[in-house]
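Take a look at the structure set out below.
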Amino acid sequence: MEELILIEKLEESLRGRKVTAALFYTYNFDSRFFENYLLPIFFSGVPFNNNEIQNTILWRHYQKYLPPITVYCDFFAKDKIAPSLAYDVRPIVLKKNDVRWPAFHPKLSYLLLNDSGLIIISGSNNLSFAAWTTNLEVFTITEFKNGVYYPRAIKDDYKRFIESVNDIYGKEYTDAETAIHGFFRKVLYTKKIGQYKGNYSSVQSSFFDKLEELKAENHTKKFKSVEIISPYFSSAAVVQNIRKYVDGDIKISIPYSANNVASIPKELFESYQKENVQWSDINVLNKEKTFRFNHSKIFRFYGEDKVFTIIGSANLSAAALNGYHSKGNVEFATIFSDMKNGRETDLLKVRSGFEDIVFEKGTAESEFDERRNPPELDFTLDWCKKELVVENPGKIQAAIYLSEDERFSLCEHRKKSKTYIDLSDNPDLIIILSDNPVIKVKYQDAFFEFYPKQIFIEHRPLPPKIRINDIELIKLWQLLENDVEIDKTKITNYIERFIEKKYDEFGNEFRIKENNESILNYMATHLAAIIGLEKKLFKECPYSTQRDRRAFNQKQKSLIEYYLIADNIDTVTGYRRILAKKYEEKEMIGGFYWLLLKILRQKLYKNQRTKQILKDPDIKKSFNRASKELSGELQKIEKLIKVDPKILIWVEKNL
């Protein structure tokens, strides 16, 4: 086995190709890791890095280019921070049986590429920071391509897994599932399989059913020995089941939580010894100078003339190996077969003594005594309407907590299967949800956390920690181009320079001295920026064909929706907020503040092209709300500075 860094191997496998759809299956899901570490590799050449503020601003411009993405995870193992980008997360709750509460535990990724290839990653790694950076994990990366490498039996396993998980979830396919499932309809099969022997999918069979198949290939004989690497364990009964297939040594890795600290109860450790298990250390970790947590799961069976290696999500536990239909977890693993050549490297080294080991109580992933059945609720957060929609098909009674101070009871609406919560009059709550839109629900004396489906996410305000001044915002407007590639290069370079000068590595803002420009130049900069924005938002269509005109108008509609309606750092609403603050802090004279608001209203919100483009009733409603807010600000400032009516008439004529 090669020692590789997963993210680097994935980037190498992509070779600059674009991902057109992505489908992930994981136990743990960490949205911040996913958005700051993994998704950025879909955008070659864009300077995403470990600075979350820079990434947040970059995503504001690139999120519209994200391909369809779906993540399936265990409901109880998802992070407390909800996604901030537009992709689907489908947390799964498996029903409790009379033995255990099973877990949704696979670790599998599908990436569909623009050249009709499909990369599949199968292994032990969750979608979490530790899994992709610090842990010892095991994985395999395979690329399938119709007519190039497309063995039917192997591809059918991956196709059936998509179907099986969707059946468990019980809802129609997402766009990502549809696209990737469609890939498997191709029929130019290839005979070459390589070292692949197949896959273990617990929704199709048990692990021991697979061992029966491998035993048949081993001349129906038991295996000579087995090496097992696993971080979690159940009772010694699982070893007794393994013993049915092994005549010789059973070597198992000792799970550590720190140097010489075993994360397994001593009683369980000793019960394995009674089954003649040889407790061992992992050879590759013996080379490490500092402690490194092992999360890899490997079963290597040594046969008569072949070695069978199984890598994936399954721990050495009854829940992982018994199969989903026998009250177990949902698991997935890949099976390899190699001819024995006498040069195989042992994965484990048997430990001679255990006197220096401290035992602590371990936690098996198959034991979830604290789990409770969550309520059947779905949430949709509409950032354009500033509205939360609660779907409650069972009409249950529950309390929804949008923040520590904002509680909404479904008891009063229990006769309704759908409830609408208006958020537009609560700007403080909007700010809280913009930072983390997770929804907390109290149901039957237990709390549950839900990720809402977010629509019109481009209208979601940026977190309040990200601030820019008026001149910096104007520079972003000046970079607005209709050509995506030009926009990409210019905006990327500016944001990178902006972050470098404005924030330190911890995201703290530096105090920046403003340039001492003359008042005249300063005013001209603002006026030119607004006029420039008007020209770009309401540019006349240069195309003659209906198809090109339709595409152009759709693009202009998206720009108008974003810059005139969305409440973000670089939109007109954000600009107005900056102007108001400068006026309140006496950094801008009232007359100029009033003039800028007047120009915004006349040039942008009263523009006749707006009515032609914004025909959707919901979008139009949000547009009218933004326009009304601007008119209210104008009336307020007119009263404060007592604008001469003659000046009002003059401005109207000249605008």
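The values are calculated or read from the model by the stated rules, or taken from the named source; none is laboratory data. Here the structure is a predicted model, which means the values were calculated and not measured. Quick reminder, even Gly has a Cβ in these numbers, built from the backbone with ideal geometry, and neighbours come from all protein chains shown. Areas reflect the complete protein model, heavy atoms only, side chains present, ligands, DNA and RNA absent. Shrake-Rupley method; radii C 1.70, N 1.55, O 1.52, S 1.80 Å.
Quick notes
- Restricting the range 4-34 to residues that are assigned to a loop (DSSP other than H, G, I, E, B) and either touching a helix residue (DSSP H, G or I) at 6+ places or on another chain (Cβ under 7 Å) or open to solvent by less than 40 Å² (accessible area, probe 1.4 Å) (or both) leaves a set whose member that is farthest from ALA131 (Cα to Cα) is ARG17.
- Close pairs from the range 262-288: first under 17 Å from ASP356 (Cα atoms) and touching a residue at least 24 places away in the same chain (Cβ under 8 Å), partner of a type in the set (Phe, Trp, Tyr) and open to solvent by 50 Å² or more (accessible area, probe 1.4 Å), Cβ under 7 Å, at least 6 apart: ALA262/PHE359; ILE264/PHE359; PRO265/PHE359; LYS266/PHE359; PHE269/PHE359
- The range 605-618, residues that are in contact with a helix residue (DSSP H, G or I) (Cβ under 6 Å, 6 or more places away or on another chain) and either of a type in the set (A, V, I, L, M, F, W, C) or open to solvent by 50 Å² or more (accessible area, probe 1.4 Å) (or both): ILE613, LEU614
- Qualifying residues in the range 589-601 (those that are open to solvent by 30 Å² or more (accessible area, probe 1.4 Å), in contact (Cβ under 8 Å) with a residue 24 or more places away in the chain and over 11 Å from LEU630 (Cα atoms)) - the one farthest from the chain's Cα centre (by Cα): GLY591
- Residues of the range 243-257 that are free of Cβ contacts under 8 Å to residues at least 60 places away in the same chain, more than 11 Å from ILE357 (Cβ to Cβ) and either of a type in the set (A, V, I, L, M) or in contact with a Ser or Thr (Cβ under 7 Å, 6 or more places away or on another chain) (or both): VAL246, GLY248, ASP249, ILE250.
- Residues in the range 35-51 that are open to solvent by 60 Å² or more (accessible area, probe 1.4 Å), at pLDDT below 85 and either touching a Phe, Trp or Tyr at 6+ places or on another chain (Cβ under 7 Å) or of a type outside the set (S, T, N, Q) (or both): 1 in all.
- Count of the range 562-588 residues which are open to solvent by less than 20 Å² (accessible area, probe 1.4 Å) and modelled with pLDDT of 85 or more: 11
- Restricted to the range 437-461, and to residues there that are assigned to a loop (DSSP other than H, G, I, E, B) and open to solvent by less than 20 Å² (accessible area, probe 1.4 Å), the residue that is nearest to LYS395 (Cα to Cα) is PRO452.
- Sub-7 Å Cβ pairs linking a first residue in the range 380-404 that is under 19 Å from HIS459 (Cα atoms) and assigned to a loop (DSSP other than H, G, I, E, B) to a second residue that is open to solvent by 10 Å² or more (accessible area, probe 1.4 Å) and hydroxyl-bearing (Ser, Thr, Tyr), at least 6 apart or interchain, are LYS386/SER424, ordered by first then second residue.
- Flag if SER124 is over 30 Å from ILE430 (Cβ atoms), polar (S, T, N, Q), touching a Phe, Trp or Tyr at 6+ places or on another chain (Cβ under 9 Å) and crowded, with 20+ Cβ neighbours inside 10 Å: yes
- Note on the range 185-202: among residues that are within 30 Å of the chain's Cα centre (by Cα) and either modelled with pLDDT of 95 or more or part of a strand (DSSP E or B) (or both), the one that is farthest from ALA320 (Cα to Cα) is TYR196.
- Residues of the range 203-220 classified as closer than 25 Å to ILE141 by Cβ, under 34 Å from the mean Cα position of the chain (by Cα) and either open to solvent by less than 20 Å² (accessible area, probe 1.4 Å) or among the charged types (D, E, K, R) (or both), total: 3
- ASP98 meets each of the listed conditions (1) modelled with pLDDT of 95 or more; (2) surrounded by fewer than 21 Cβ atoms within 10 Å (Cβ to Cβ); (3) more than 18 Å from the chain's Cα centre (by Cα) apart from (1).
- Test: SER164 is outside any loop (DSSP other than H, G, I, E, B), hydroxyl-bearing (Ser, Thr, Tyr) and touching a residue at least 12 places away in the same chain (Cβ under 8 Å): yes
- Only residues that are of a type in the set (A, V, I, L, M, F, W, C) and buried (at least 21 other Cβ atoms within 10 Å of the Cβ) were counted in the range 280-301, giving 4.
- Number of residues in the range 521-541 that are more than 19 Å from ASN607 (Cα to Cα) and either open to solvent by 60 Å² or more (accessible area, probe 1.4 Å) or not in a helix (DSSP H, G or I) (or both): the value is 1.
- Failed item in (1) surrounded by 18 or more Cβ atoms within 10 Å (Cβ to Cβ); (2) within 39 Å of the chain's Cα centre (by Cα), with PHE223 passing the rest: (2)
- Within the range 44-65, tally of residues that are in contact with a strand residue (DSSP E or B) (Cβ under 9 Å, 6 or more places away or on another chain) and not in a helix (DSSP H, G or I): 1
- In the range 340-362, the residues that are open to solvent by 70 Å² or more (accessible area, probe 1.4 Å) form Cβ pairs under 7 Å with partners that are in a strand (DSSP E or B) and among the polar types (S, T, N, Q), at six or more places apart or across chains, as follows: LYS349/SER280; GLU360/SER257.
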